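Novice: Have a look at this one before I ask anything.
Just so it is clear, none of the values below were taken in a lab; they were calculated from the coordinates. Remember, it's a predicted structure, so these values are computed and weren't measured experimentally. Ideal geometry is used to build each Cβ from the backbone, glycine not excepted, and the neighbour counts take in all protein chains shown.
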């Protein structure tokens, strides 16, 4: 049972820690990439009833997977509002994705696309993960970040959802508001969700922002700029098509004139 539910130094002493870019990590990435391709393609020609069953099942599976972390961590360590509330970026992306699967609303697609892809892809490439394959924490981390990318890919490939420039500015505004909300909650709780109330103890990209912009709260400017840059990069595949369509319409209008 220690292999599946162990906690802390006793587990690490017996099994060691998960290592970034190890064979285990690379196999995890390869498996995720394969399923990101195969699952949406396999759903393209399914009936609407099958699509609905898939979406509801996936949403319930994501919620179940998220609950495993709370149960395991709570039993092993006890839940603490300073670390256990869903106030991380991936938590907002998770619940946006679940709401998207249940409702199909465009705003949840936009949040799922920008927050999910932008955060989960980075998390999978450089995972903040210490537990190995088969452990409940490995299962939680991998499944949640895998599905955060799968959901927007499914809606793009199968349901034909699209991002516009308005989507980009909407999510930028909402993200800024979320950061302000989390900063206030951190002050109330004495917490540091999203690391926007203090620099993390372990090495991170925030170290670079501190060198460029200065210590808290100035490094938050760097975090916002990075987030906006990632959002713009994610918008480019759709922006290129929209720009091409706009130029075609302009050329057609000139010819008619």
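Novice: In nm, give the distance between the simple-model label positions of residue 216 and residue 232, each being 7 Å from the Cα along the Cα-to-Cβ direction.
Specialist: 2.8
Novice: Calculate how steeply helix 136-157 sits against the longest principal axis of the alpha-carbon atoms of the chain, using the helix alpha-carbon long axis, and give the answer as 0 to 90 degrees to the nearest 10.
Specialist: Orientation of helix 136-157: about 0 degrees from the principal axis.
Novice: Any chance you could run the full-extension gain for residue 15 through residue 69? It's 0.36 nm times the residue separation minus the Cα-Cα distance, nm to one decimal.
Specialist: Contour length minus Cα-Cα distance gives 17.5 nm.
Novice: Another one. Of the candidates 125, 33, 188, which one comes out as most mobile in a Gaussian network treatment of the chain with C-alpha springs shorter than 10 Å?
Specialist: Sorting by GNM fluctuation, first place goes to 188.
Novice: Taking R0 as 35 Å, what FRET efficiency do you get between residue 166 and residue 36 from their Cβ-Cβ distance, rounded to the nearest 0.05?
Specialist: So the FRET efficiency works out to roughly 0.85.
Novice: Also, quick follow-up: GNM, the chain, Cα, under 10 Å: largest mean-square fluctuation among 235, 15, 161?
Specialist: Maximum among the listed residues: 15.
Novice: Counting helices only, and only those DSSP H runs with n ≥ 4, report the 222 nm mean residue ellipticity of the chain as the sum of -39,500 (n - 2.57) divided by its residues, in deg cm²/dmol to the nearest 500.
Specialist: It comes out at -24000 deg cm²/dmol, rounded to the nearest 500.
Novice: In terms of the Cα gyration tensor, with a ≥ b ≥ c the square roots of its eigenvalues, is the stretch 95-235 rounded because a/c is under 1.5, prolate because a/b exceeds b/c, or oblate?
Specialist: Oblate, since a/c reaches 1.5 and b/c is not below a/b.
Novice: Let me ask something additional. Round to the nearest 10 and give me the degree value, 0 to 90, for the angle of helix 89-103's Cα axis relative to the longest principal axis of the chain.
Specialist: On a 0 to 90 degree scale, this one is about 50.
Novice: When the chain is fully extended, how far beyond the present Cα-Cα distance does residue 88 get from residue 23, taking 0.36 nm per residue of separation?
Specialist: Taking 0.36 nm per residue and subtracting the Cα distance, the gain is 20.6 nm.
Novice: Pick from 49, 82, 105: which residue has the top mean-square fluctuation in a GNM of the chain where Cα pairs under 10 Å get a spring?
Specialist: Ranking 49, 82, 105 by mean-square fluctuation puts 49 first.
Novice: To the nearest 10 degrees, how steep is helix 165-189 against the longest Cα principal axis of the chain, on a 0 to 90 scale?
Specialist: Orientation of helix 165-189: about 20 degrees from the principal axis.
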